[in-house]
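Only one structure is covered here, and it is reproduced in the block below.
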Amino acid sequence: QVQLVESGGGLVQAGGSLRLSCAASGHTFGSSMGWFRQPPGKEREFVARINWGGGRTLYADPVKGRFTVSRDNAKNTVYLQMNSLKPEDTAVYYCAVSWSSSWLSVRDYSYWGQGTQVTVSS
């Protein structure tokens with residue numbers, strides 16, 4: 001059993017920044033961690049992924065150059081730094097854990113956090 005708890009969401013003005021955290025407990029050794037988001041009325045979509053060692057990251061096109069995913073395995077925590085936020089970034093953001101070599105689909109992830117709301121105003 002793996003538990004993931006997201007935090008750091010909130011209301012921010014367009015152009016601003018937020019840093020999300022995902023605290024993990026349980027057996028996550030060797031896993032990759034992903035960030036997904038679900039805007040109101042839409043499907044959950046891939047945002048970013050980071051491998052266990054932290055040396056390889058992947059990003060969805062809409063967030064490339066603006067978002068940065070990182071992890072601190074000693075603290076069992078994954079982060080998503082979000083800069084230059086846009087209203088279209090408004091969504092519930094989820095972290096998830098995967099031991100799969102695939103990365104895009106929600107089906108590639110075994111455990112999910114409860115989500116944290118990010119709202120970007122214009």
Report task. Only residues in the range 38-52 that are under 18 Å from Val69 (Cα atoms) count as the first member; pair them with residues that are open to solvent by 70 Å² or more (accessible area, probe 1.4 Å), Cβ under 6 angstrom, at least 6 apart or cross-chain, and list the lot. Result -> Gln38/Arg44; Phe46/Leu104; Arg49/Trp103
Query - Hits in the range 1-53 - residues which are of a type in the set (Val, Ile, Thr) and open to solvent by 60 Å² or more (accessible area, probe 1.4 Å) - result: Val5
Query - Pick from the range 79-91, criterion open to solvent by 10 Å² or more (accessible area, probe 1.4 Å) and under 10 Å from the mean Cα position of the chain (by Cα), ranking: nearest to Gly115 (Cα to Cα) - result: Tyr79
Requested in this report: State whether one or more residues within the range 114-122 are modelled with pLDDT under 95, of a type outside the set (Phe, Trp, Tyr), open to solvent by 30 Å² or more (accessible area, probe 1.4 Å) and farther than 16 Å from Val5 by Cβ.
Outcome: yes
Query raised in the report: Which one of these does Ser101 not meet: (1) of a type in the set (Gly, Ala, Ser); (2) closer than 25 Å to Gly15 by Cβ; (3) open to solvent by 40 Å² or more (accessible area, probe 1.4 Å)?
Result: (2)
Query raised in the report: Which of the residues that make up the range 66-76 are assigned to a strand (DSSP E or B) and either buried (at least 17 other Cβ atoms within 10 Å of the Cβ) or basic (Lys, Arg) (or both)?
Result: Phe67, Val69, Arg71
**Report entry** Counted residues, the range 26-40 - those being farther than 20 Å from Ser101 by Cβ and at pLDDT 95 or above
**Finding:** 3
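The values are calculated or read from the model by the stated rules, or taken from the named source; none is laboratory data. This is a predicted model, so every value here is computed, not measured. Glycine gets a Cβ as well: all are built from the backbone with ideal geometry, and neighbour counts include every protein chain shown. Protein only, heavy atoms only, side chains kept; ligands, DNA and RNA dropped before computing areas. Shrake-Rupley method; radii C 1.70, N 1.55, O 1.52, S 1.80 Å.
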